[in-house]
């Protein structure tokens, strides 16, 4: 009570002085309030940075020690339900999340079990019959000594393997001398006449078409570097140096370059193309250090008849000029990830640009792995999974193109509307610098491109076909590490293009390469070469040839 009286006694009785005192106190309070707001903002920024750094730290830990699969497992679903609060970020109780209703029953996706038993050995492999029979004594009836009647066979098969079988083709050209007639002696005809050989793929070498096809397939399909192949041949007492194998592959690629030009033309006539790129190290590039990055670009396109074709292209840069060179006059739909380097060709050629939901999904998966207590990334993954489920179910029905597009739109558009609204709602609540914020921002920024796959039956929600086409190159790169020169990188692009195009058209790469290596030397026109592309051939034609 005395202290209160003391405070009251400190106030002046003069109203003017009192106002001045209160004004000073208000200014001091305003300064303190501003300082508090400034400190609070700094604290919030530091807290946001801490959360962002913590997410990055967890992400790096996962890269080193965690699982690599992005699959949304049943365990993930049940774990996320532990954090299923009332305000779950999805105000609609829509059908996409029906499995999340409060029910103790776990819903397991049904599947068709494959028929048990091993796959039969193909009929075209030669068979050697090994007869197992009873002895004459064993054939006799133990009761009456008559021979028991023969009623049939019980057949089982086993695979026998012989290591690589090498044959030596001896080309013997018959030579004929001069005729002893008087007319011949007076003519100017050559005295010796020698039989001609069929043109060979690589003249004046010991390599046949089949050997070159094997060497190329071993490296560019099976990721077996030349130095390992050289050791394998050495065990067979055949000396083929790494340099020799390399030179043969370079020459093979140069002979096949006209086929690649035709593939490029065919892709440009198609309606859909997908593109992606990956790094490549080329040691001896002019004006660049050996450790610098170069790039292998991959285009997964279609002919006018909608047959798949793949085109690999080496470039020292990742510039937006490269897609322009590759696509040329292409005017259809281009599907890519969110890399800005594709925007240049999209603008120039006035292309329709389609995006990749796999990259959006990857961002949400990254956020889910590093934000265990937040179920926002999990919700995003569920929306995307719903899109893929519709795609899978409709693809399995083998519908005509127009019917497929209509049914897909009818099923997908309601999901997309809910997904898009949900993304905008969550954008207001998450940390922009965090993995969840980045996933939401990426998806919203790419939204118009992401949904364009609905307009064409050849398009899928993602660019995975192209990424799968890059994978053989990446696996090979892990073995042979680098290309020595730009010429080597160019030849790799040519041979990968042929092998992967063959695989996309269900052709066995070795047999396909042997087939075209036999015929390229005798091809006389562009049309002859066009008939050697994978979309014009079948395995039956190749085996018969």
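Within region 159-184, list the residues whose amide N lies under 14 Å from a label point set 7 Å along Cα→Cβ of residue 241. Within reach of a label on residue 241: no residues.
Here 528, 462, 276, 123 are placed in order of increasing Cβ neighbour count within 10 Å, fewest first, which gives 123, 528, 276, 462. Taking 0.36 nm per residue of separation and subtracting the Cα-Cα distance, full extension of the segment from residue 131 to residue 281 would add 48.3 nm.
With viscosity 1.306 mPa s and temperature 10 °C, the Kirkwood radius over alpha carbon pairs of region 436-476 converts through Stokes-Einstein to a diffusion coefficient of 130 µm²/s. Distance between the 7 Å Cα→Cβ label points at residue 142 and residue 35: 11.1 nm.
Ordering 494, 166 from the fewest to the most neighbouring beta carbons within 10 Å gives 166, 494. Taking 0.36 nm per residue of sequence separation and removing the Cα-Cα distance, the residue 331/residue 455 pair yields an extension gain of 43.1 nm.
Sorting 221, 256, 144, 179 from the fewest to the most surrounding beta carbons within 10 angstrom yields 144, 179, 221, 256. Given R0 = 35 Å, the distance between the Cβ atoms of residue 265 and residue 124 translates into a calculated FRET efficiency of 0.55. Taken over the Cα atoms of region 356-462, the convex hull encloses 84 Å³ per residue. Reported value for region 444-545: 173 Å³ per residue, from the convex hull of its C-alpha atoms.
One Cα centroid belongs to region 181-196, the other to region 286-345; the line between them spans 58 Å.
Between region 486-531 and region 250-280, the C-alpha centres lie 11 angstrom from each other. Between the beta carbons of residue 186 and residue 522, assuming R0 = 41 Å, the FRET efficiency works out to 0.65 to the nearest 0.05.
Computed from the C-beta positions of residue 293 and residue 343 and an R0 of 22 Å, the FRET efficiency is 0.60 to the nearest 0.05. Here the label points at residue 324 and residue 162, each 7 Å from Cα along the C-beta direction, are separated by 5.7 nm in the simple model.
Values quoted throughout were computed directly from the atomic coordinates according to the rules given, and no laboratory measurement underlies them. Remember, it's a predicted structure, so these values are computed and weren't measured experimentally. Heads up, the Cβs are rebuilt from the backbone with ideal geometry, glycines too, and the neighbour counts pull from every protein chain shown.
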